[in-house]
Amino acid sequence: MNQLEQEKVRWIKADDCCESPIIVHRFQAQQPVEGSIEITGLGYFAVKLNGKEITADRFVPAASDYEKRDFKNLLYPISDTFTHRIYFLRYDCGHALQTGENQIEIQLANGFYRQTQRVAEGNMEYGQDLKTAFCLTFRDESGTHQVYSDGTELWRDSEIVSSHLFIGEVHDARKLSATPQWKPVHLLSAPQAELSLQTCPADRVISTVTPVLLKQDGNRQIYDAGENISGNVRITTCAPAGTQIRLRFAENYIDGELDFKSTGSEYICTNGSRQIMEDVFICDGTRRSFEPMFVWHAFRYFEIIGPVESAAVQVIHSNTPVNSAFSSDAEGMNWLYNAFLRTQLNNMHGGVPSDCPHRERLGYTGDGQVCAEAAMLTIESRAFYRKWIRDILDCQDVVGGHVQHTAPFMGGGGGPGGWGCAIVLVPYQYYLRYGETEMLHKCYEPMKKWCGYLDSRLEGNLVTSEEPGGWCLGDWCTAEKTVLPTPFVNTYYYIRCLRILQEIAVLLGRAEDTAGFTFREKALTEALVNAYYDRSTGNFFQNIQGANAYALHLGLGDERTLKNLVAFYRQLGRFDTGFLGTDILLEVLYKNGQADLAYQLLNSREKGSFLYMKDRGATTLWETWGGEESHDHPMFGAGARHLITSVLGIGQAPQTAGYSDIVICPQIAEQMQYAKGHIQTENGTISTGWRKEDGKIYLSAQLPKDTRGIFRYNEHIWNLEGGKPFEMVLSQE
């Protein structure tokens, strides 16, 4: 039951001028034996009971499209109507209750909700009202009781002088010893939004890293965390009262100095300063530890100006453990797998898979959809993606069906195909991975509405436009200037979605809808072929930037189309594709027996390859092949899924989901000597591997109990029994 919707529960706030207020509520209890609290706060909240933290969660509640706001000051025009949602959390708090007086203490901060500095996408704030609501239920010797926010609370300033999610925090420890000036809270009307229990994993401090000192110049020190991380730095100091300690963060260290370009320094904030991640701590003369409370940074290098005793890097992201493994003798594949995991985890905050964890921090539907399968295969992320799919649905225009480029909506550009089609592609991948048809039932009508929107953007049965005044991208971040036509890419995605919808309609007992989907698919396919297929050569749009791969993925073209594709990339020896085409190209190569060419591309060291990034010190994936922009962008890592599905060969039988009927079919490149790994499914662990030795190939696999499957290699097929190891030795001839 949602206790926050009781009439007795009131929304309360402090004065608008306070950056991070602390609100307290006192109540009595007699020998309490158990208790729980339902609570939310906007933008972020932290809660204590009798001075004890009752959760290790950070950055709660999860980000959402909280409530209605003014769109007139956005970078791109928008007139869509959204579904608004605010998440609340439920925590056990019985261990912190005590006999006599008890005190609930709630601290609020801006988060995404009240952005007053960053305006790169326009004015994204929802208003000035940082607010909270709660209901605490406990049982004592006299029965069950409820304590709720009711307007009797008091508030005071905290030591946080400034808190801006994209920049950092300023803490003044001297305020901790000052006599607090308590003031009454203000009552608010409940937001016009749906209150939902947060079930996606919250952010946590995942690990702590000891950084390496690179440079010291007086009170200035520069450190290396060893790899790009998201999180913060916790310092300890006993500096004199009034001493300011300043920390700044960057991905790059060039010529002995931090370089802030890739993390957003070219953006200008409302106060005229550059967007640089920075924390400032003002000491009070006692030995204290400092860390930002309501912001995370994303960095490898950081500098400290001021006297400190120690500094520790805290890695913070959503509590989504890695539940897979991959290793091989292929350097590029190993680096891609590990770099993708680091990058994806750095970008998982508040139930949102972001494009980058520093400069933009937005849940771009393009980046999110292309990486969804890889993330679901390698990371424990079912609840995480269930929430993000809800974000996509909430931000769909309730009237016309338009799907935004970011979810929750925070502005940003994109296109109708690679971005908007996330409303079909992500729920479908979720179904395949977890076998949950309930998700498809929730999404089916919104998917159909999206198709209706795309129909309104057709010219000659090609998707040629999106919203007036906005972007209409096709692929993005190709190695050279993008020349692949946007209608080609967007129409490809619409055809792909129509095919998926035919499958979903049958699965959900809506077979009567398939005729309409089939009719549209046929018309769009014919238009795509007529516009872009050269019958004299077998190429689509001159076989540039993966055009033939897009077509082959839809089953279009002829034997020349694949032959030309293979010849082109064999000679090129690297990727020229954007973040959408790179993943599609790898799938087409593996599905057409071109494991050797896929190996060549994945292990190239030229510009336009993953080892080009590694050779230049990258520990996470770059936004562009040349590294000109963000160095913590997961989108090019979507192809990491092929390490699981093709190199290891872990798949499913056709028309099945949830990995109950498993097919192991590795695609083994001639240049490789071994690969092994596993994934964790709802039924248990699927592990497999192969190696070449002394002219023989050794195959192995093990499926979870109560599953079945086959192992297929070349012309050989073996039945697999769940729970029993499989091993086979064959001659390589």
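The values are calculated or read from the model by the stated rules, or taken from the named source; none is laboratory data. Keep in mind that what you see is a predicted model, and the values were worked out from it rather than measured. Neighbour counts run over all protein chains shown; Cβ positions are idealised from the backbone, glycine included.
When you go through (1) part of a loop (DSSP other than H, G, I, E, B); (2) free of Cβ contacts under 8 Å to residues at least 24 places away in the same chain one by one for GLY651, which number turns out not to apply?
The failed condition is (1).
So GLY168 fits all but one of (1) at negative phi; (2) within 27 Å of the chain's Cα centre (by Cα); what number is the exception?
Here GLY168 meets the rest and fails (1).
Is it the case, given these coordinates, that GLU38 is acidic (Asp, Glu) and part of a strand (DSSP E or B)?
Answer is yes for this residue.
Quick check: anything in the stretch 9-18 in contact with a Lys or Arg (Cβ under 9 Å, 6 or more places away or on another chain), in a loop (DSSP other than H, G, I, E, B) and of a type in the set (Gly, Ala, Ser)?
Within the stretch 9-18, one or more residues are in contact with a Lys or Arg (Cβ under 9 Å, 6 or more places away or on another chain), in a loop (DSSP other than H, G, I, E, B) and of a type in the set (Gly, Ala, Ser).
Determine if the stretch 41-51 includes at least one residue that is surrounded by fewer than 21 Cβ atoms within 10 Å (Cβ to Cβ) and in contact with a Leu (Cβ under 8 Å, 6 or more places away or on another chain).
Yes, the stretch 41-51 contains at least one residue that is surrounded by fewer than 21 Cβ atoms within 10 Å (Cβ to Cβ) and in contact with a Leu (Cβ under 8 Å, 6 or more places away or on another chain).
With a cut-off of at least 2 residues that are under 30 Å from ILE167 (Cα atoms), not polar (S, T, N, Q) and not assigned by TED's automatic domain parsing to the domain that holds SER265, name the helices (runs of 4 or more DSSP H) lying wholly within the stretch 319-434. Lay out the reasoning, then the answer.
Values: elements: 331-346, 365-378, 382-394, 422-434.
It comes to 331-346, 365-378, 382-394.
Residue-wise test of (1) hydrophobic (A, V, I, L, M, F, W, C); (2) assigned to a loop (DSSP other than H, G, I, E, B).
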residue: ALA598; (1), (2): yes, no
residue: GLY608; (1), (2): no, yes
residue: LEU611; (1), (2): yes, no
residue: LEU621; (1), (2): yes, yes
residue: GLY627; (1), (2): no, yes
residue: SER630; (1), (2): no, yes
residue: GLY637; (1), (2): no, no
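Only one of these conditions is not met by TRP622: (1) buried (at least 24 other Cβ atoms within 10 Å of the Cβ); (2) touching a residue at least 24 places away in the same chain (Cβ under 8 Å). Which number is it?
Evaluating TRP622 over (1) buried (at least 24 other Cβ atoms within 10 Å of the Cβ); (2) touching a residue at least 24 places away in the same chain (Cβ under 8 Å) leaves (2) as the failure.
When the residues of the stretch 244-290 are filtered to those that are surrounded by 14 or more Cβ atoms within 10 Å (Cβ to Cβ) and among the acidic types (Asp, Glu), which remaining residue is nearest to the chain's Cα centre (by Cα)?
GLU251
Can you name every residue in the stretch 395-453 that is basic (Lys, Arg), without any contact (Cβ under 8 Å) to a residue 60 or more places away in the chain and crowded, with 18+ Cβ neighbours inside 10 Å?
Across the stretch 395-453, the qualifying residue is only LYS449.
Checking GLY639 against (1) under 20 Å from the mean Cα position of the chain (by Cα); (2) surrounded by fewer than 24 Cβ atoms within 10 Å (Cβ to Cβ), which single condition isn't satisfied?
(2)
Considering (1) out of contact with any strand residue (DSSP E or B) (no Cβ under 6 Å at 6 or more places or on another chain); (2) over 25 Å from HIS642 (Cα atoms); (3) not hydrophobic (A, V, I, L, M, F, W, C), say which one GLY411 fails and leave the rest.
So the condition that GLY411 fails would be (1).
Can you tell me which of (1) within 30 Å of THR243 (Cβ to Cβ); (2) part of a loop (DSSP other than H, G, I, E, B); (3) in contact (Cβ under 8 Å) with a residue 24 or more places away in the chain is the one TYR126 doesn't meet?
Of the numbered conditions (1) within 30 Å of THR243 (Cβ to Cβ); (2) part of a loop (DSSP other than H, G, I, E, B); (3) in contact (Cβ under 8 Å) with a residue 24 or more places away in the chain, the odd one out for TYR126 is (1).
With a cut-off of at least 3 residues that are surrounded by 19 or more Cβ atoms within 10 Å (Cβ to Cβ) and out of contact with any strand residue (DSSP E or B) (no Cβ under 9 Å at 6 or more places or on another chain), name the helices (runs of 4 or more DSSP H) lying wholly within the stretch 469-567. Explain how you work it out, then say what you get.
Details: elements: 486-507, 514-532, 547-553.
Counting at least 3 such residues, we get 486-507, 514-532.
Which residues, counting only those in the stretch 684-733, are in a loop (DSSP other than H, G, I, E, B) and more than 18 Å from VAL663 (Cα to Cα)?
Of the residues in the stretch 684-733, the ones in a loop (DSSP other than H, G, I, E, B) are 694-695, 703-707, 714-715, 722-725, 732-733.
Result: ASP694, GLY695, GLN732, GLU733.
Answer with yes or no whether LEU586 is buried (at least 20 other Cβ atoms within 10 Å of the Cβ) and either within 31 Å of the chain's Cα centre (by Cα) or assigned to a helix (DSSP H, G or I) (or both).
Yes.
State whether one or more residues within the stretch 67-84 are over 18 Å from HIS186 (Cα atoms), surrounded by 18 or more Cβ atoms within 10 Å (Cβ to Cβ) and touching a Leu at 6+ places or on another chain (Cβ under 6 Å).
For the stretch 67-84, residues over 18 Å from HIS186 (Cα atoms), surrounded by 18 or more Cβ atoms within 10 Å (Cβ to Cβ) and touching a Leu at 6+ places or on another chain (Cβ under 6 Å): absent.
Which one of these is in the same structural domain as GLY226 (by TED's automatic domain parsing), of a type in the set (Gly, Ala, Ser), touching a residue at least 12 places away in the same chain (Cβ under 8 Å) and crowded, with 22+ Cβ neighbours inside 10 Å: ALA312, ALA298?
Just a single option satisfies the conditions, and that option is ALA298.
Among the candidates LEU89, LEU136, LEU97, which residue alone is closer than 16 Å to ILE23 by Cα and assigned by TED's automatic domain parsing to the domain that holds ALA190?
LEU136
Return yes or no: is PHE541 among the aromatic types (Phe, Trp, Tyr), free of Cβ contacts under 8 Å to residues at least 40 places away in the same chain and over 22 Å from CYS371 (Cα atoms)?
Against the criterion (among the aromatic types (Phe, Trp, Tyr), free of Cβ contacts under 8 Å to residues at least 40 places away in the same chain and over 22 Å from CYS371 (Cα atoms)), PHE541 does not qualify.
Listed here are the residues, each with its yes/no results for (1) without any contact (Cβ under 8 Å) to a residue 40 or more places away in the chain; (2) in contact with a His (Cβ under 6 Å, 6 or more places away or on another chain); (3) at negative phi; (4) surrounded by fewer than 16 Cβ atoms within 10 Å (Cβ to Cβ).
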position: THR99; (1), (2), (3), (4): no, no, yes, yes
position: ILE104; (1), (2), (3), (4): no, yes, yes, no
position: GLN107; (1), (2), (3), (4): no, no, yes, no
position: ASN110; (1), (2), (3), (4): no, no, yes, no
position: ARG114; (1), (2), (3), (4): no, no, yes, no
position: GLU121; (1), (2), (3), (4): no, no, yes, no
position: LYS131; (1), (2), (3), (4): no, no, yes, no
position: PHE134; (1), (2), (3), (4): no, no, yes, no
position: THR144; (1), (2), (3), (4): yes, no, yes, yes
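For the stretch 501-532, which residues satisfy the criterion of being over 22 Å from TYR550 (Cα atoms) and not β-branched (Val, Ile, Thr)?
Once the filter is applied, which keeps residues that are over 22 Å from TYR550 (Cα atoms) and not β-branched (Val, Ile, Thr), the stretch 501-532 yields ALA505, LEU507, LEU508, GLY509, ARG510, ALA511, GLU512, ASP513, ALA515, GLY516.
Inside the stretch 64-97, can you point out the residues that are farther than 29 Å from PHE138 by Cβ and assigned to a strand (DSSP E or B)?
The answer is LEU74, and nothing else.
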